[in-house]
Amino acid sequence: MKTILFLHGVNHNMFGKRDPTQYGTITLDEINQEIKKLAKELGCKIETFQTNHEGEIVERIHKAYMDKVDAVVINAGAWTHYSYAMRDALAILTVPIIEIHMSNIHAREEFRHTSVIAPLARGQICGFGLNVYLLGLRAAVELIHENP
């Protein structure tokens, strides 16, 4: 069974409370439940990880490499725009990376328009709330099937 790692970045533990205009009222636990439900339908295994500490996300990416996960779906939050340490860790991976954002980062403040992850990602999905996670999972599964 193929394993897809979902990485949730900084402040995502506050989904449901933080800026509901941008992120809605869904919590991270509810997002993870929806991902797990779809993963079961698609016949894949998912792992989820959230942290507010940059070094921890770098370490988790290293572990993903060592564990040979089959794809990574990442919503790095604010780290998207400036974390070269996280970006360099992602560059180690040889599996598909899908970048996702609940809000449309290109319609927000100018600093959010730049992603240090985008050059490494197979694609970017943004602006569709919870659906970015589900679309990201579907994309990961398709990419895995393209290159078994």
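Things to note:
- Neighbour net charge for ALA89 - beta-carbon separation under 15 angstrom, K R +1, D E -1: -3
- Cβ-based net charge around ASN11, under 12 Å, with every Lys or Arg adding one and every Asp or Glu removing one: +1
- When the inverse distances between all different Cα atoms of the chain are averaged and flipped, the Kirkwood radius reads 15.1 angstrom.
- Qualifying lysines (Cα of each under 25 Å from Cα of LYS40; at least 8 residues distant if same chain): LYS2, LYS63, LYS68
- DSSP bridge analysis restricted to the stretch 3-80 gives an antiparallel fraction near 0%, rounded to the nearest 5.
- Cβ-based net charge around GLU99, under 13 Å, with every Lys or Arg adding one and every Asp or Glu removing one: +3
- Only lysines eight or more places from LYS17 in sequence, or on another chain, were considered; those with a Cα closer than 27 Å are LYS36, LYS37.
None of the figures in this text is laboratory data; all of them are computed from the coordinates on show. Here the structure is a predicted model, which means the values were calculated and not measured. As a convention, Cβ positions derive from the backbone with ideal geometry for all residues, glycine included, and neighbour counts pool all protein chains shown.
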